[in-house]
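The values are calculated or read from the model by the stated rules, or taken from the named source; none is laboratory data. Predicted model, so just to flag it, every value in this text is computed and none were measured. Cβ: placed from backbone, ideal geometry, glycine included. Neighbour counts: every protein chain shown.
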Amino acid sequence: MRIVRYLDASGPRPGVLDGDGLHPVDAADVATLLRQPVPRLREMLDSAVAGDVVPGTPRLLAPLDGRTEVWAAGVTYERSRDARMEESSEQSVYDRVYAAERPELFFKSVAWRVVTDGDPIAVRADSPLNVPEPEVGLVLNVDAEVVGYLVVDDVSSRSIEGDNPLYLPQAKVYAGSCAVSTGIVPAWCVPDPGDLAIELRVRRGQDTVFSGVTSTGALYRTGQDLIGHLFRALRFPDGVVLSTGTGIVPDMAFSLRPGDTVDISVAGIGSLTNPVLDTDEWLRR
């Protein structure tokens, strides 16, 4: 079962995708679902799958809308800490935050800027060193409950962040920098979120130029720790996605390029494939 957002004759609307097909949900949008407590959300989804199936093959959109935001955590895996230290002019910043009580949390995207499977992502045209960052996203409702999971690509400029940690927003927040899978897998369908295999492959023409694997079992911080800090001084009236950080970072010799294709999969959650443009091309589409 996956919560999706699809396009019909009247515009975008929420649905549930299961083995029988795509079922409409009795709600105005996905944001409405993220305003519900978990028991009520589960009732709404169960009611939907017992109902009609949408005919044909509607286009699936990014499953976020309304005032839902995407935030992300950094330096949550040992590999991420080491990579940030390798690239940065201020190495001690990342070593300290890895072990600190307070995690690194940053804003990534509003819902309308998020792209999904098959859409192009972008690398900054003014950045010579760029990477995909495959991550598991926690989908949280207004009450900070985990209602589901997504695959997230937190596309980033290593060169801009490495020049100065204060450039983090420019390294992380730009057109085409945030992609999520088409479906939110409900939390009750994921028996062990602490042991999910994550795989990344970057294709350049017929060649695989980078691949890597990790697991959420290697996360240094717990999801509840990250959630607690995110909601400590913020409220999200239409819910929020909290991307939990990456444990796969190429060495400094690799950079994502326009023309590449990025494939990400998370066991039990889904997959995400995106062609790569530079931001100038992305904005001209």
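The rows are residues; the columns are (1) at pLDDT 95 or above; (2) closer than 16 Å to I3 by Cα; (3) polar (S, T, N, Q).
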| site | (1), (2), (3) |
| --- | --- |
| N141 | yes, yes, yes |
| A144 | yes, no, no |
| S157 | yes, no, yes |
| P169 | yes, no, no |
| T182 | yes, yes, yes |
| P186 | yes, yes, no |
| R204 | yes, no, no |
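Give me the pairs: first residue in region 203-216 and closer than 15 Å to S255 by Cα, second residue at pLDDT 95 or above and assigned to a loop (DSSP other than H, G, I, E, B), beta-carbon distance under 6 Å, and six or more apart or on different chains, which are they?
Every condition considered, the pairs that remain are R204/D260; F210/F254.
If I ask for residues that are more than 18 Å from G176 (Cα to Cα) and part of a strand (DSSP E or B), which ones from region 137-166 would you list?
Within region 137-166, L138, V139, L140, V146, V147, G148, Y149 qualify.
If you take the residues of region 62-95 that are of a type in the set (D, E) and at pLDDT 95 or above, which of them is surrounded by the fewest Cβ atoms within 10 Å (Cβ to Cβ)?
Here the residue is E69.
When you scan region 96-139, how many residues do you find that are β-branched (V, I, T) and either at pLDDT below 95 or closer than 22 Å to G162 by Cβ (or both)? Reasoning before the result, please.
Filtering region 96-139 down to residues β-branched (V, I, T) leaves 97, 110, 114-116, 121, 123, 131, 136, 139.
Those still in the list that are either at pLDDT below 95 or closer than 22 Å to G162 by Cβ (or both) too: 97, 121, 123, 131.
So the count comes out to 4.
Okay, residues lined up against (1) surrounded by 14 or more Cβ atoms within 10 Å (Cβ to Cβ); (2) under 23 Å from E69 (Cβ atoms); (3) touching a His at 6+ places or on another chain (Cβ under 7 Å):
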position	(1), (2), (3)
G212	yes, no, no
G217	no, no, no
L230	yes, yes, no
L234	no, yes, no
D238	yes, yes, no
T246	yes, yes, no
D251	no, no, no
S265	yes, no, no
I269	yes, yes, no
